[in-house]
Each structure stands twice: as structure tokens, then as C-alpha cells.
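What follows draws every value from the coordinates through simple rules; no lab data is involved. Just so you know, these numbers come straight off a predicted model, no measurement behind them. With ideal geometry, Cβ positions are generated from the backbone for all residues, glycine too; neighbour counts draw on all protein chains shown.
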Amino acid sequence: MKKYKLAAFDLDGTLLNKKGEITTQAAAALKGLVDMGLIVCLATGRHFRTAEGIAKDIGLNGPVLCYNGGVIRYAGADKPYYANYLEQGIIHELIDFTYENGLYLQLYDEQNRIVVDKIVPETKIDPDFYTTDTVELGDLRKASNFTSPKMMVYNFDTAVIDKLIPYLKERWGDKLYVAQSSPHLAEMLNRGVNKRSALERLTADLGIAREEVFACGDSSNDAEMLAFAGCGCAVANGMDVTKAQADYICQNENEQGVIEAINKFILNK
């Protein structure tokens, strides 16, 4: 029987239910892992404040891997355990590109605030809008001395994102990691920054072998993490690219899939 020391869970589409909520049953399952002595982490594309609130409510003991691994930070900590911010040069290249193509762009600052040109309907679609402050800078092309762990394009038309992602990879693939946590989103981080690299860094520091890591996810930005984990589980609603990297594909969706995987591989029920 394998003994896992660390468990990492994606939020949207995985640990959260279809309403974007953490259920009592899911919270109890994760708290049970903490009580067993496992380090339990959230690994999400969300910003830190949202994930921190969920981690505190559940009583998790591990750090939050937020912005798709761009920042690792413990709940309640004054500063990140690790951070990898985009450089100003690439930020301004992407800002110019989005303005030229009429795309909505969202960034984040070191205070974990959302940064936009102005608040529009796309801003309010993001659940993080309701858990942190949003800064309106006006024309982002005029901003200076600015950094961000992640940049995000949102479009109501998924066909726009379907065309955008391969273009971003072709044009900036040597500088960027392009992720997709939703059909409406294209997310951009420094090349080499993803949930896997963050988990590799954390487990190396903690002296935990990859075979001792358990992880659950659903979207393409979870695929690398599941491939790294000793046991990587994709929930039933996961993307095909993510399921291809999983050791186990759950029969259930969202949080019920997570509970299924915990029962099967950790609790051996």
C-alpha cells in the first residue's frame, strides 16, 4: 500500500462543485487528510486571496500554489514562499498585442489585486473579482514598472481562444507557458512555470519524493502536475489532454471525483 505525504488539488472543475463552491463533504475529505498527517495543498490558476480563503476555511496545512504555479504562498504569510513574475518586456509585448487585436486582458500585482484597463463584463465573470480588489489603470500601454505573475485573456467566444492559444505558443513559445483552465481563457506565465514546476520545487524543499505525491485535476493546466505525481487523478469532466496524463480517471465529476479518488488511493476503501 502506497503512503502519500502530500496531496495537491485543483479548484475549478475539480475540488469545487459545478456552482464553484466547496461542499461540506469535500472540505471534510481534505481536512481528514490533514488529520492523517498529509500536507494538503491547493494548486490553482486563481489568485492567492481566493485560494487562501478556501485553505483557511478548510484548515489546510500546505501552501497555496496559485497563478498556475507562478506563486507559492502559505495562508496568512506576509510574503510568498516562491514567486516567478513576468518581465516588463514580455508584459508590454502582450499588452500591445491585445490592444492591437481588441482582446480583453487581465493582470495581477504583488498585492494580489486584479489589474485591468477598466472594469468590463469580462472582469466580472471572474469569480476572483469578488474576493479581491480590482485596479483600473486606464491605457495599459502607458503603465510602467509593472510586473505580474500571470496574464489572462478572456473572451466570451471560445473560438477566439481556440485560435489564440496556438498563436501565442507559436509566437512566444520560447518565453511563455500558455495554459488553459477554461474554454474561455488563455493564461500566460513565464516559460517553465506551471503547477508541476511549482510542485517539484515544493516537494524537493520538503524532501518528498514524487512517488509520495497525490494530485487531482481536470484542465490542461493540470496535466503536467498529474504526470509528475505518484498518483495523478483526473475527474470525469476533465479534458482529454489531462486524462491522457492521469494514472486514474474518476467515474465521478468535480468534487465527487476527488472524494472517489481519495477513498480509492489514500483511504483504500
Practice item. Work through the residues other than Gly102 whose Cβ is under 15 Å from its Cβ and net out their charges, Lys, Arg +1 and Asp, Glu -1. Key: -3
Review point. To the nearest 20 debye, what charge dipole does region 110-269 have about its Cα centre, counting +1 at the Cβ of each Lys and Arg and -1 at the Cβ of each Asp and Glu?
Key: 360
Review point. What does the charge count near Thr123 come to, summing +1 for each Lys or Arg and -1 for each Asp or Glu among other residues with Cβ under 10 Å from its Cβ?
Key: -3
Review point. When N is the residue count of region 88-190, what does its C-alpha Rg come to as a fraction of 2.2 N^0.38 Å?
Key: 0.99
Point to revise | Sorted by Cβ density within 10 Å, fewest first, the residues Thr44, Thr123 | key: Thr123, Thr44
Revision key, fill the gap. Of the candidates Phe48, Val153, Tyr108, the farthest towards the positive dipole end of the chain (Lys/Arg Cβ +1, Asp/Glu Cβ -1, centred on the Cα centre) is Phe48
Check your understanding: With contacts defined as alpha carbon pairs under 8 Å and 6 or more residues apart, what's the relative contact order of the chain in percent?
Key -> 19
Review point. Exactly which chymotrypsin sites (Phe, Trp or Tyr not before Pro) in region 136-173 are in a DSSP loop and have at most 11 other Cβ atoms within 10 Å?
Key: Phe156
**Study point:** Entries of Lys79/Lys195; Lys31/Lys264; Lys2/Lys56; Lys124/Lys195; Lys118/Lys150 with Cα pairs more than 21 Å apart
**Key:** Lys2/Lys56; Lys124/Lys195
Check your understanding: Between Val40 and residues 5 or more places away or on another chain, which pairs have amide H atoms under 5 Å apart, with H built 1.01 Å from N, and which residues are they?
Key -> Ala7, Asn61, Gly62
Check your understanding: How big is the antiparallel share of DSSP beta bridges in region 88-190, given as a percent to the nearest 5?
Key -> 80
Revision key, fill the gap. One checks the Cα atoms of region 38-154 and finds Rg and Dmax, in Å, of 14.6, 48
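For Lys2 and Lys18, compute 0.36 nm times the residue count separating them, minus their Cα-Cα distance, and round to one decimal in nm.
Extending this stretch completely gives an extra 2.7 nm.
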**Study point:** Cα shape, region 155-269, gyration tensor, a/c 1.5 rule
**Key:** oblate
Point to revise | Proximal charge balance of Tyr154 [Cβ under 15 Å; K/R count +1, D/E count -1] | key: -3
Revision key, fill the gap. Rounded to whole angstrom, the alpha-carbon centroid of region 1-39 lies from that of region 73-107 at a distance of 28
Revision key, fill the gap. By the Kirkwood definition, with r running over pairs of different Cα atoms, the chain has a hydrodynamic radius in Å of 18.6
Review point. Helix-derived [θ] at 222 nm for the chain: sum -39500 (n - 2.57) over DSSP H runs of at least 4, divide by residue count, nearest 500?
Key: -10000 deg cm²/dmol
Check your understanding: With labels modelled as points extended 7 Å from the Cα through the Cβ direction, what inter-label distance (nm, one decimal) is found for Gln251 paired with Lys118?
Key -> 5.3
Study note, to complete from the structure: The answer for trypsin sites (Lys or Arg not before Pro) in region 116-166 that fall in a DSSP coil and have at most 11 neighbouring Cβ atoms within 10 Å is Lys118
Point to revise | GluC sites (Glu not before Pro) within region 44-96: DSSP coil, no more than 13 neighbouring Cβ in 10 Å | key: Glu87
Check your understanding: For the chain, what is the percent of antiparallel DSSP beta bridges, rounded to the nearest 5?
Key -> 50
Review point. Taking neighbour Cβ counts within 10 Å as the exposure measure, how do Cys231, Cys216, Cys41, Cys250 sort from fewest upward?
Key: Cys231, Cys250, Cys41, Cys216
